[in-house]
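S.K.: Here it is, the structure, as structure tokens.
The values are calculated or read from the model by the stated rules, or taken from the named source; none is laboratory data. Because the structure is predicted, anything quoted here is derived from the model rather than measured. No Cβ is skipped: glycine too gets one built from the backbone with ideal geometry, and neighbour counts run over all protein chains shown. We work out accessible area using only protein heavy atoms, side chains counted, and drop any ligands, DNA or RNA first. Shrake-Rupley method; radii C 1.70, N 1.55, O 1.52, S 1.80 Å.
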Amino acid sequence: NGRLVFVVESHPDVLAARTPAANPFAGAQREPAWQGGNHLVAYDVAARGRMAWRLPARHADGVGRTGGPAAGAIDSASWFTGAPLVAGDRLYVLVEQAAELRLDVLHAADGRLIWSQPLAALDEEHAITGREAVGRRLGGATPALGDGVLVCPLGAGAVVAVDVSTRTFLWAYD
């Protein structure tokens, strides 16, 4: 936005995560799929890259919580699917949490939530923590905006369009 740079940061284990293989010593049981979230971080260019805000907010005890300096922050089970789209003073970002994919619209200056729109419910296998979602965790999905229509890629070929002025669905393609 000319003042801030927005980055999605993930733990290195996410990049190394592979579809868990069956453990030959545990019968047919499979190792648990990767669990956790990532972070949306804003860095201030004029302040030599100082962090301006982070979602979810990190507190002294190391736990991410809602409220505080980054009100509207999302807990650590949230997954930002890609870099946010910057449009004026707003960020449009796709977030998955508890097997629900949603569009969050945030204030660019401080990360506060303006509004949110659920987009899709996912089954356990296709949720971001599921065994089938390794490609989605690494792929990156960023919405695109034109003429007031926000086009949101959901992954696996599905796309929805949202009218940002009325906050309504316009169409879906699968």
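S.K.: Which net charge results when you count Lys and Arg as +1 and Asp and Glu as -1 among the other residues whose beta-carbon is under 12 Å from that of Pro84? Don't skip to the answer; put the middle values down first.
M.R.: Values: positive: Arg90; negative: Asp104.
For residues surrounding Pro84, the net value is 0.
S.K.: How much area per residue is accessible in the range 122-172 when the probe is 1.4 Å and only protein heavy atoms are counted (Å²)? Walk me through the numbers before you get to the answer.
M.R.: Numbers: 2700 Å² over 51 residues.
That works out to 53 Å² for each residue.
S.K.: Where Lys and Arg each count +1 and Asp and Glu each count -1, what net charge lies around Arg3 among other residues with Cβ under 15 Å from its Cβ?
M.R.: My count for the surroundings of Arg3 gives 0.
S.K.: Looking at the square roots a ≥ b ≥ c of the eigenvalues of the Cα gyration tensor of the range 78-174, which shape do they give, rounded for a/c under 1.5, prolate if a/b is larger than b/c, or oblate?
M.R.: Taking the square roots of the gyration eigenvalues as a ≥ b ≥ c, the range 78-174 is prolate.
S.K.: Could you give the length gained by full extension between Arg50 and Arg167, i.e. 0.36 nm per residue of separation minus their alpha carbon distance, to one decimal place?
M.R.: Here the segment from Arg50 to Arg167 would lengthen by 38.8 nm.
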